RNA sequence: GGAGAGAUGGCAGAGUGGUCGAUUGCGGCGGUCUUGAAAACCGUUGACUGUUAAAGGUCCGGGGGUUCGAAUCCCUCUCUCUCCGCCA
């Protein structure tokens, strides 16, 4: 959520930046400003009358105590008019505040100045490519066939238990999952992230804090009986740990990581591009989150991107880094890097991580502040990234590392899997 | 699922109609003392809004009501805790 004071002071710039994000409802900006004007005016009138009423009430109290009942009655008679007006202004005020809030949550975050213009994934900027595309044997298979051939994943069993998009991992397939999770967590810990094990169901306030609610509830599974949502990413519970918190300056940066399953409804997706592990309703992911000083957040974003790239390098996967264009970015993000690995058998790039700086967009919703050098409270910046999401990593690992004799496990994983070959 | 209790400042915990944004303790910060530290003592210490700065306004779980005046009385919702039951 953008800060109203910022919108007021930087109207032109806000409109310009929203255009980069391809945001059309620019009239909302002026609507917000005019609603805020009305809000301020009403607040001001209410404050003045309240001040009068307060002092009258005090006087009455004083007079009563001194036994001057008649004088007190005299003042009492004058208070009736205020009462009605205070009530009316109060109602107006909360009405205006509500309307303002409703408009405000519709505005996406402003993109950073380095964000390229553009509408579709084609307009994303390739920042770098790393690693060689592996040469596969002539009879190379896509991962879903490899998974069946080596008995690693059973998609049909998942359908029986739950439905499409909920695979069952078996044997070495299951072990590989566990190994990847442990490897990612160990790497995150080495990089300074403190692990959290988290609730997988969150309440409405948490959904609002990170920007999933309102408006994107269709992407989450909802447990209506208890009014809770299954998390689409660990970002939600981790970042919300700091909701309504004022951190000490020296507590920054906060660095947390966590492994969770993630649940996404992905309504309406179907077809070949979602086959196998390419897109699931439930998948495993290790997430990294940082809460940092506003001066440091872009430095931090680069550092987080480097961390994710380090993981891909250690796994020996060819990858590229994209700077997302305005049209392809998330609602809450100011700058996002996507990391994609090359899936050799499918001959396509698969997104395995997304690292974003939200600046104050989330912290404003979360009321996540820190005490700055002047001792005043200030909104902190929040960032997060996948480090990493498992299914597409598994897909590329299987495809890229297939040989005549089976699938080779990257050396760094062997201590975690206990085997170096799937055959 | 049944019964009961409760929700107040970073924490603990007073406050049952007026001078209460709120006693006190702990914690935090600053100081005195000390070679240094601890102890002791003194001072200070909520958030939001508003303003050049002030003044002023709002906030004692959320919403509504009574009253000139509500942390305090009434209604309602939500949440938490304890005991019993069930259970990993």
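Can you give me the number of residues within the range A:196-212 that are farther than 12 Å from residue A:231 by Cβ and either crowded, with 19+ Cβ neighbours inside 10 Å or within 15 Å of RNA strand B (Cβ to nearest atom) (or both)? Don't jump to the end; show me each part of the working.
The first filter runs over the range A:196-212 and keeps only residues farther than 12 Å from residue A:231 by Cβ, leaving A:196-197, A:204-205, A:208-209, A:211.
In the following step, the residues that additionally are either crowded, with 19+ Cβ neighbours inside 10 Å or within 15 Å of RNA strand B (Cβ to nearest atom) (or both) were identified as A:197, A:204-205, A:208-209, A:211.
Going through the range A:196-212 one residue at a time, the tally reaches 6.
Among the residues that make up the range A:82-93, is at least one of them under 30 Å from residue A:335 (Cα atoms), under 35 Å from the mean Cα position of the chain (by Cα) and surrounded by 11 or more Cβ atoms within 10 Å (Cβ to Cβ)? Explain how you work it out, then say what you get.
So the first thing to find is which residues in the range A:82-93 are under 30 Å from residue A:335 (Cα atoms), and the list is none.
No, there is no match, as no residue in the range A:82-93 is under 30 Å from residue A:335 (Cα atoms), under 35 Å from the mean Cα position of the chain (by Cα) and surrounded by 11 or more Cβ atoms within 10 Å (Cβ to Cβ).
Being under 30 Å from residue A:113 (Cβ atoms), within 12 Å of RNA strand B (Cβ to nearest atom) and either exposed (fewer than 12 other Cβ atoms within 10 Å of the Cβ) or not assigned by TED's automatic domain parsing to the domain that holds residue A:360 (or both): is that true of residue A:36 here?
Values: under 30 Å from residue A:113 (Cβ atoms): yes; within 12 Å of RNA strand B (Cβ to nearest atom): yes; either exposed (fewer than 12 other Cβ atoms within 10 Å of the Cβ) or not assigned by TED's automatic domain parsing to the domain that holds residue A:360 (or both): yes.
It is true that residue A:36 is under 30 Å from residue A:113 (Cβ atoms), within 12 Å of RNA strand B (Cβ to nearest atom) and either exposed (fewer than 12 other Cβ atoms within 10 Å of the Cβ) or not assigned by TED's automatic domain parsing to the domain that holds residue A:360 (or both).
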Single residue of A:54, A:44, A:22 found to be away from RNA strand B (no atom under 15 Å from the Cβ) and either farther than 19 Å from residue A:84 by Cα or in a helix (DSSP H, G or I) (or both): A:22
Total residues in the range A:351-366, condition under 16 Å from residue A:385 (Cα atoms) and either surrounded by fewer than 24 Cβ atoms within 10 Å (Cβ to Cβ) or outside the structural domain of residue A:243 (by TED's automatic domain parsing) (or both): 2
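Taking the range A:142-186 as the search range and keeping residues that are in a loop (DSSP other than H, G, I, E, B) and closer than 17 Å to residue A:400 by Cα, which one is farthest from the chain's Cα centre (by Cα)? First the steps, then the outcome.
Taking the range A:142-186 and keeping what is in a loop (DSSP other than H, G, I, E, B), we get A:142, A:150-152, A:162-167, A:170-171.
So of that shortlist, the ones also closer than 17 Å to residue A:400 by Cα come out as A:142, A:150, A:152.
Details: A:142: 31, A:150: 36, A:152: 31 Å.
Of everything passing the filter in the range A:142-186, A:150 is farthest from the chain's Cα centre (by Cα).
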Index of the failed condition, residue A:68 passing every other in (1) at pLDDT below 90; (2) near RNA strand B (Cβ under 7 Å from one of its atoms): (2)
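If you check A:131, A:158, A:192, which single one turns out to be out of contact with any helix residue (DSSP H, G or I) (no Cβ under 9 Å at 6 or more places or on another chain) and more than 30 Å from residue A:251 (Cα to Cα)? It would help to see each step written out before you state the result.
Numbers: A:131 fails: out of contact with any helix residue (DSSP H, G or I) (no Cβ under 9 Å at 6 or more places or on another chain); A:192 fails: more than 30 Å from residue A:251 (Cα to Cα).
Being out of contact with any helix residue (DSSP H, G or I) (no Cβ under 9 Å at 6 or more places or on another chain) and more than 30 Å from residue A:251 (Cα to Cα) holds for just one of A:131, A:158, A:192, which is A:158.
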Hits in the range A:356-380 (condition: in a strand (DSSP E or B) and within 16 Å of residue A:248 (Cβ to Cβ)): A:369, A:370, A:371, A:377, A:378, A:379
Qualifying residue in the range A:378-387 (condition: surrounded by fewer than 24 Cβ atoms within 10 Å (Cβ to Cβ), within 16 Å of RNA strand B (Cβ to nearest atom) and either in the same structural domain as residue A:241 (by TED's automatic domain parsing) or under 29 Å from the mean Cα position of the chain (by Cα) (or both)): yes
Among the candidates A:247, A:241, residue that is in contact with a strand residue (DSSP E or B) (Cβ under 6 Å, 6 or more places away or on another chain) and surrounded by fewer than 22 Cβ atoms within 10 Å (Cβ to Cβ): A:247
Residue match in the range A:218-230 (condition: in contact with a helix residue (DSSP H, G or I) (Cβ under 7 Å, 6 or more places away or on another chain), within 16 Å of RNA strand B (Cβ to nearest atom) and on the phi > 0 side of the Ramachandran plot): yes
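The values are calculated or read from the model by the stated rules, or taken from the named source; none is laboratory data. In this text the structure is predicted, and so the values were computed from the model without any measurement. All Cβ positions, even for glycine, are placed from backbone atoms using ideal geometry, and neighbour counts span all protein chains on display.
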